[in-house]
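Here the structure is laid out as structure tokens; the discussion comes afterwards.
The values are calculated or read from the model by the stated rules, or taken from the named source; none is laboratory data. For clarity, every value in this text was computed on a predicted model and none was experimentally measured. Cβ placement follows ideal geometry from the backbone for every residue including glycine, while neighbour counts extend to all protein chains displayed. Quick note on the areas: whole protein, heavy atoms, side chains included, nothing else; ligands and nucleic acids left out. Shrake-Rupley method; radii C 1.70, N 1.55, O 1.52, S 1.80 Å.
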Amino acid sequence: MSIARFWRETPRRYNLGGSRCTACGTVYFPPRPVCPECTHHRQSIEKMVPFQLSGAGEVVSYTVVHEAAEGFEMQVPYVLALVRTDEGPVLTGQVVDVDHGQVAIGLRVRATFRKLREEGRAGVIHYGYKFSPADDPGGGPPSPARTGTVPAGSPATERSPT
Ligand SMILES: [Zn+2]
């Protein structure tokens, strides 16, 4: 399956489908058709495979945004962070479900699927990933949809993508 086809067919509810170079092991998000690390050897041709990121990572840089871009006005101030995923790629996204003062470099986070913004006139709603703390300090579930299904106090429990 081609990367482009994989991208289209990946469920939009969890859109962290990247690609991995089987020649050198580098993971890319968004997915790439060839591996820049290997291209000069022509080794990565036909070597790229779809790879689903776990969404787990840690904050490597962040900023508090007070002046929002168009469409984000209702959300200011918000924290925009660079998150280095456990697989390697660095993603940019909002950090939610946490006091701004608690966001710090090294904070463990996990990508969650949220409404990003709404275009009032057209009524178009954009969805995508945001980040929330991986170790929930308040004990509450990160999403109302998951209420009651996640045992409290077991932050080390991970589901590996099989
Ligand atoms: Zn490679």
Q: Could you please put 100, 66 in sequence from largest to smallest accessible area, using a 1.4 Å probe?
A: 66, 100
Q. For the pair residue 61 and residue 47, how long in nm is the line joining their label points, each one 7 Å along Cα→Cβ?
A. 2.9 nm
Q: Enter the accessible area of residue 115 (Å², nearest 10), with the probe set to 1.4 Å and all protein chains included.
A: 90 Å²
Q) Between residue 82 and residue 39, how many nm apart are label points set 7 Å from Cα along the C-beta direction? A) 2.1 nm
Q. Using a 1.4 angstrom probe and counting only protein chains, how large is the accessible area of residue 87 in Å², to 10?
A. 50 Å²
